[in-house]
Amino acid sequence: MKSSLFSILCLIFSVAVINGQPGRSADHSEDIFTRLLDEGTDGQITIRADSLLVANYYKFLTSNSKIRGVPGYRIRIYSESGIGAKEEQQRVRARFLSYFPEIDAYYRYDEPFFKLYVGDCRTKSEALKLYDRVKKYFPNPILVEDYINLKSADQQTRY
């Protein structure tokens with residue numbers, strides 16, 4: 001008795017759900033462009049937008065076009081200014097690459113500091129693993145958020 005009542009209720013519920021779904025009529029195709037043409041717009045579409053919205057849209061496009069890479073993490077192992085800082089930056093990079101030839105190192109000059117960043121880590125946990133390895137050879141490394149370079153799957157290094 002209970003199982004037949006349950007079956008009937010499930011059948012009624014299924015029919016109600018199926019009938020409640022919006023149907024696809026022959027009038028409306030999947031392609032939005034075709035639907036707009038079929039609606040009698042004669043192939044012309046007019047979009048009205050506030051001028052501030054348009055200005056902000058173009059600012060967003062401009063700022064994003066300047067960004068290279070994706071958000072991620074790097075380790076800063078050198079940051080100094082003054083006489084001889086650039087040469088020391090190059091020596092530190094050479095020393096780093098001798099310990100870790102599979103990991104990229106990047107120069108950066110943020111006036112007045114010469115800085116050296118290493119690694120292209122997508123996640124913070126990946127960066128922390130690299131941090132632990134680097135800390136053995138370079139004192140006081142700093143984990144920083146940065147835009148990193150993406151590599152293909154066969155070139156990626158696991159830290």
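Each value in this text was obtained by applying a stated rule to the coordinates, not by laboratory testing. Nothing here was measured: the structure is a model prediction, and the numbers come from that model. Here the Cβ positions follow ideal geometry from the backbone for every residue, glycine too, while neighbour counts run over all protein chains shown.
Quick rundown of the values:
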quantity: Contour minus Cα-Cα distance for L53 and Y99 (0.36 nm per residue); calculated: 11.5 nm
quantity: Y147 paired with R133, simple spin-label distance in nm, labels 7 Å along Cα-to-beta-carbon; calculated: 2.6
quantity: Value of D in µm² per second that Stokes-Einstein yields for the stretch 72-148, Kirkwood Rh from Cα pairs, at 20 °C (1.002 mPa s); calculated: 172
quantity: Relative packing of peptides 82-91, 126-135 - highest average C-beta neighbours within 10 Å first; calculated: 126-135, 82-91
quantity: Flagged links, alpha-carbon separation over 21 Å, of K66/K151; K124/K151; K115/K135; K129/K151; K115/K151; calculated: K115/K151
